[in-house]
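To start, the structure under review is shown below, and the notes come after it.
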């Protein structure tokens, strides 16, 4: 029998009432109104953003436990937050949806280290005269978790490897895990999500996230203060070391040498290393070969630009977590027109929400177009296969459906070949992907098309001018 949200919430209140003081119950729980229960998600309405924040900070454990008792292990909580001093034209209060953040405890436990490391030098590294405890922050952002890292073809390998590491750090074949890709594709997010998962599954593990620039600064300071051994000992006691932007080590020989020794110690001790980089190791310049070879010991996983479906899922997840409610056509428009990276996608969403809130404008397709024109048009847009086909079809004044069809008319075939030529030269798509998107052809047809276009460019002046004009239109 399906239970109502009123019954579930009433039962939760009976439990909570016996746990917390009467005054606190009256202040923080009596004003709450249950709204609905769907798919194990209970939605409750709270009177203000402060009210929501306080519940999340002080009572989320109690709420979570009681909900799981009433609904089951899959129970989730969602808030409908009444925004202060805001109403609709009909006088009803303006509300915003927020999910329960469900943030895990991410702090490291005190770590046992030799007292000697606090002295200016180590007399004998094999003699430990005393022990003391050191506290330090893992430097993880709780928002960078796997729940917020949307899976797609662009990141499936790296994400799957990250989940495996989270379950068994240092015990998989993915050690080190090196994640690489262009800026804004989620390398830092994924690396920190692994760290958060390790803290959830293995609370006793010592986790540390550090940017390569920060590591370099700390190393220089350790030399200046004559405590390089302290620096080494500190990093050698980490169970999971996440080093972000490792390309920043290029040309810094002493830093590379020090990290080489830290890497060896951790790897030989069965500790886990995660590295991020903006390019694959083969393209790294100014790095020692012995370090590059170690980067390849585990798994190299690249992050690519997300496809349309993944971008749409990222937008919806971000909007849900931020309490932003958008019409479906706006979601689709943003996903279609912002394709460079995830960071730009999220920035456009935030700007759209800010414009709507500050200027009290309804979020519409027209407002989305204005934001895109300001934030995306001013910078270089990504040239995609679909965009190339549209420009070529407009130039030759032929319908897109014809070019993607099976017709063998000369003018259609030539437009198809030109689209393949530009797709190969202006995008990072594979020949197979280009052919699949332009008429369902194979990679051999794409190679033949590119060869044909190159021959015509060399022999036909009129055709060469057409290609030049098209290139300018594509790169506007």
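Of all the residues that make up region 269-286, how many are more than 27 Å from the chain's Cα centre (by Cα) and either more than 12 Å from residue 239 (Cα to Cα) or buried (at least 19 other Cβ atoms within 10 Å of the Cβ) (or both)?
1
When you check residue 24 against the structure, is it exposed (fewer than 13 other Cβ atoms within 10 Å of the Cβ) and outside any strand (DSSP E or B), yes or no?
No: the conditions fail for residue 24.
Could you count how many residues in region 211-245 are free of Cβ contacts under 8 Å to residues at least 60 places away in the same chain and either in a helix (DSSP H, G or I) or not assigned by TED's automatic domain parsing to the domain that holds residue 197 (or both)?
The total comes to 18.
Restricting region 350-366 to residues that are touching a helix residue (DSSP H, G or I) at 6+ places or on another chain (Cβ under 6 Å) and closer than 30 Å to residue 388 by Cβ, which is surrounded by the fewest Cβ atoms within 10 Å (Cβ to Cβ)?
365
Based on what the data block shows, is residue 333 part of a helix (DSSP H, G or I), in contact with a helix residue (DSSP H, G or I) (Cβ under 6 Å, 6 or more places away or on another chain) and outside the structural domain of residue 183 (by TED's automatic domain parsing)?
yes
Tell me, please, whether a residue that is without any contact (Cβ under 8 Å) to a residue 12 or more places away in the chain and either in contact with a helix residue (DSSP H, G or I) (Cβ under 8 Å, 6 or more places away or on another chain) or farther than 25 Å from residue 306 by Cβ (or both) can be found in region 384-393.
yes
Collect the residues in region 27-76 that are over 24 Å from residue 322 (Cα atoms), touching a helix residue (DSSP H, G or I) at 6+ places or on another chain (Cβ under 9 Å) and part of a loop (DSSP other than H, G, I, E, B), keeping them in residue-number order.
Result: 30, single match.
With the structure loaded, tell me whether residue 187 is over 17 Å from residue 266 (Cα atoms), assigned by TED's automatic domain parsing to the domain that holds residue 147 and without any contact (Cβ under 8 Å) to a residue 40 or more places away in the chain or whether it fails that test.
No.
May I ask you to verify whether residue 275 is outside any loop (DSSP other than H, G, I, E, B) and either touching a helix residue (DSSP H, G or I) at 6+ places or on another chain (Cβ under 7 Å) or over 23 Å from residue 181 (Cα atoms) (or both)?
yes
How many residues does region 53-77 hold that are at positive phi and at pLDDT below 85?
So the count comes out to 0.
Just need a number here: residues in region 46-58 that are buried (at least 18 other Cβ atoms within 10 Å of the Cβ) and in contact (Cβ under 8 Å) with a residue 40 or more places away in the chain.
1
Only one of 303, 291 is buried (at least 20 other Cβ atoms within 10 Å of the Cβ) and in contact with a helix residue (DSSP H, G or I) (Cβ under 9 Å, 6 or more places away or on another chain). Can you tell me which?
Among 303, 291, only 303 is buried (at least 20 other Cβ atoms within 10 Å of the Cβ) and in contact with a helix residue (DSSP H, G or I) (Cβ under 9 Å, 6 or more places away or on another chain).
Is one or more of the residues making up region 403-423 touching a helix residue (DSSP H, G or I) at 6+ places or on another chain (Cβ under 9 Å), at pLDDT below 90, within 22 Å of residue 332 (Cβ to Cβ) and surrounded by fewer than 18 Cβ atoms within 10 Å (Cβ to Cβ)?
Yes, some residue in region 403-423 is touching a helix residue (DSSP H, G or I) at 6+ places or on another chain (Cβ under 9 Å), at pLDDT below 90, within 22 Å of residue 332 (Cβ to Cβ) and surrounded by fewer than 18 Cβ atoms within 10 Å (Cβ to Cβ).
Please work out which one of (1) farther than 21 Å from residue 305 by Cβ; (2) touching a residue at least 40 places away in the same chain (Cβ under 8 Å) is the condition residue 437 fails and give its number.
Evaluating residue 437 over (1) farther than 21 Å from residue 305 by Cβ; (2) touching a residue at least 40 places away in the same chain (Cβ under 8 Å) leaves (1) as the failure.
Please state which of the following conditions residue 221 fails to meet, knowing it meets all the rest: (1) surrounded by fewer than 19 Cβ atoms within 10 Å (Cβ to Cβ); (2) touching a helix residue (DSSP H, G or I) at 6+ places or on another chain (Cβ under 9 Å); (3) over 22 Å from residue 257 (Cα atoms).
(3) is the only condition that residue 221 fails.
The values are calculated or read from the model by the stated rules, or taken from the named source; none is laboratory data. Keep in mind the model is a prediction, meaning the values are calculated, not measured. Using ideal geometry, Cβ is built from the backbone for each residue, glycine included, and neighbour counts are taken over all protein chains shown.
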